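The values are calculated or read from the model by the stated rules, or taken from the named source; none is laboratory data. What you see is a predicted model; the values in this text were computed from it and never measured. Ideal geometry is used to build each Cβ from the backbone, glycine not excepted, and the neighbour counts take in all protein chains shown. Heads up: the accessible areas ignore ligands, DNA and RNA and are worked out on the full protein's heavy atoms, side chains in. Shrake-Rupley method; radii C 1.70, N 1.55, O 1.52, S 1.80 Å.
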Amino acid sequence: MTDSLTPPATAFDHFRPTRREECGIFGIYNHPDAAKLTYFGLYALQHRGQESAGIVVSDGRQVREYKHMGLVCEVFQEQTLKALTGHLAIGHVRYSTTGSSLLANAQPFLVHHGNEYYGIGHNGNLVNAAKLRRELEAQGAIFQSTMDTEIIVHLVAHNLKKGFEEALIESFRRVQGAYSVVMCTRDKLIGARDPHGFRPLCLGTVNGSYVLASETCALDLIEAEYIRDVEPGEIVIIDEHGLRSLKPYPSVRPAYCIFEFVYFARPDSNIFGQNVYVCRKRLGHLLAKERTLDADLVMPFPDSGNYAALGYAEAADLPFEMGVIRNHYVGRTFIQPSQAMRDFGVRVKLNPVREVLQGRRVILVEDSIIRGTTSRTRIETLRKAGATEIHMLVSCPPHRFPCPYGIDFSTKGELIAASHSVEAIRDYIGLDSLHYLSLDGLLEGAQATREDHPFCLACYTGCYPVTFEEQVSKHCFEKEMLAEHA
Ligand code: SF4
């Protein structure tokens with residue numbers, strides 16, 4: 001066990017989520033207001049990525065795009081949307097997991113090839129991207145970005161002589177890893193999900209138009225009706241002939257990302273056949289089964305852990321309190337305070353309620369601890385506000401292994417539990433006690449068992465459903481380029 005723990009967070013780290021999600025995608029076919037509905041869909045999916053947002057729209061002849069860095073509400077104005085005319089659109093919100101956060105890497109990614117346009121929005125990470133990119137470059141491909149997503153477009157272009165459908169099938173056969181994808185041409189909307197189904201993708205309908213979205217909360221906002229999930233390994237092609245479903249690959253055991261239930265997905269969404277809110281509350285019930293504590297109140301640090309905290313309080317018959325209040329109106333940029341204003345980062349966004357915390361023994365429920373730095377500063381804040389004991393319960397097991405499938409902890413160094421025992425983490429964060437939900441508890445919460453489950457558990461167990469030889473990291477292509485020029 002090492003003592004060289006991660007240094008404490010700076011005040012400004014509190015404006016950044018401790019881990020961010022890995023993109024939201026949306027597509028709609030045959031709607032006169034396709035761009036506007038895509039805008040609303042992206043609005044609902046904003047939690048999955050806040051770095052950039054974009055829409056590609058087609059009227060059957062012309063294809064237009066607009067994308068920029070920033071939140072959906074910052075990127076699109078009424079006038080911008082009015083100019084995006086067409087009946088077919090795809091949209092994307094991004095948090096970068098391969099390739100830096102640059103406009104060149106914003107999605108949807110749109111290319112013109114032959115007499116056709118190809119647009120794509122991708123959620124997930126391809127684990128054989130570096131190998132495929134080298135192969136394609138050796139064949140003369142010129143890449144415009146450092147995103148793994150661009151590889152799919154190149155593969156499609158390379159295989160077009162077999163026909164568009166076959167080109168799609170062949171391209172998705174070559175890529176490995178996690179992908180939920182929306183694509184478009186001038187007159188087709190395509191949805192595809194990798195054979196393990198790591199990331200969610202659902203299909204809905206509104207006024208006779210088909211809709212694809214990462215999560216059902218995007219369907220709800222535009223009053224679309226949920227039809228079904230796009231199945232793992234399925235490609236759906238939607239055009240003037242309706243919807244065609246292709247299932248060209250041998251079926252494999254599903255590996256739905258279980259962390260979507262714990263943290264990523266919105267609680268009002270249904271993913272992988274279950275409601276996220278209900279699942280999170282169940283995780284809280286299971287925490288109460290595993291760990292009984294003598295305390296005065298149960299609280300989350302909003303909004304992380306809200307629903308597991310509700311579940312714990314209910315099962316333990318303890319008061320649920322909001323011991324910290326979130327300021328929902330904090331912008332992303334602001335004038336820096338003076339050095340003397342310590343903990344400014346914490347207070348501007350999350351302010352403790354002294355009257356709730358003073359002299360109380362607190363159970364704090366969190367959804368996860370990734371680097372540990374944010375938790376440490378949060379605990380300091382609660383102690384200063386007068387909490388006498390602080391016990392932390394985490395609604396999943398320790399994250400000991402990196403995720404190569406599109407989550408922003410792709411190396412072990414980013415995970416405190418990869419190198420420290422639970423006791424060392426407790427000590428570092430400054431807690432009176434720390435308990436993580438067991439793996440069996442997490443699976444029970446997701447209505448499965450160790451013997452029979454459809455989930456990826458790799459960041460907890462180190463058993464990876466799709467093997468990867470290369471070190472997949474966010475900047476792998478940039479690093480390769482730098483190495484070539486060194
Ligand atoms: S490794 Fe963890 S975060 Fe990554 S897909 Fe699997 S369960 Fe999800």
Within region 134-146, can one find any residue that is open to solvent by 50 Å² or more (accessible area, probe 1.4 Å), touching a helix residue (DSSP H, G or I) at 6+ places or on another chain (Cβ under 7 Å) and not in a helix (DSSP H, G or I)? yes
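Do we find a residue being closer than 16 Å to PHE259 by Cα and without any contact (Cβ under 8 Å) to a residue 24 or more places away in the chain anywhere in region 423-442?
Initial filter on region 423-442 (closer than 16 Å to PHE259 by Cα): 436-442.
Pick out the ones that are also without any contact (Cβ under 8 Å) to a residue 24 or more places away in the chain and you get 440.
There is at least one residue in region 423-442 that is closer than 16 Å to PHE259 by Cα and without any contact (Cβ under 8 Å) to a residue 24 or more places away in the chain.
Taking the condition modelled with pLDDT of 95 or more, in a loop (DSSP other than H, G, I, E, B) and touching a helix residue (DSSP H, G or I) at 6+ places or on another chain (Cβ under 9 Å), does GLY86 pass? Spell out how you get there, then give the answer.
Working: modelled with pLDDT of 95 or more: yes; in a loop (DSSP other than H, G, I, E, B): yes; touching a helix residue (DSSP H, G or I) at 6+ places or on another chain (Cβ under 9 Å): yes.
In short, yes.
Can you say whether TYR39 is hydroxyl-bearing (Ser, Thr, Tyr) and within 18 Å of VAL211 (Cβ to Cβ), as far as the supplied structure shows? Full working, then the answer.
Values: hydroxyl-bearing (Ser, Thr, Tyr): yes; within 18 Å of VAL211 (Cβ to Cβ): yes.
Judged against the criteria, TYR39 is a match.
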Pairs returned, first residue in region 247-275 that is more than 17 Å from LEU457 (Cα to Cα), second residue that is among the aliphatic types (A, V, I, L, M) and away from the ligand (no atom under 12 Å from the Cβ), beta-carbon separation under 7 angstrom, 6 or more apart or interchain, are PRO248/ILE169; ARG266/VAL276; PRO267/VAL276; SER269/VAL276
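Need at least 1 residues that are buried (at least 16 other Cβ atoms within 10 Å of the Cβ) and out of contact with any helix residue (DSSP H, G or I) (no Cβ under 8 Å at 6 or more places or on another chain) per element, so show me which strands (runs of 3 or more DSSP E) inside region 229-320 make the cut, counting only ones lying wholly within it. Don't jump to the end; show me each part of the working.
Details: elements: 235-239, 242-246, 297-300.
Those strands (runs of 3 or more DSSP E) span 235-239.
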Expected single match for over 20 Å from GLY24 (Cα atoms), modelled with pLDDT under 95 and either surrounded by fewer than 24 Cβ atoms within 10 Å (Cβ to Cβ) or hydroxyl-bearing (Ser, Thr, Tyr) (or both) among ALA130, ALA167 is ALA130
Those residues of region 147-173 which are within 23 Å of PRO404 (Cα to Cα) and assigned to a loop (DSSP other than H, G, I, E, B) amount to MET147, ASP148
When (1) part of a strand (DSSP E or B); (2) in contact with a Lys or Arg (Cβ under 6 Å, 6 or more places away or on another chain) are applied to ILE55, the one that fails is (2)
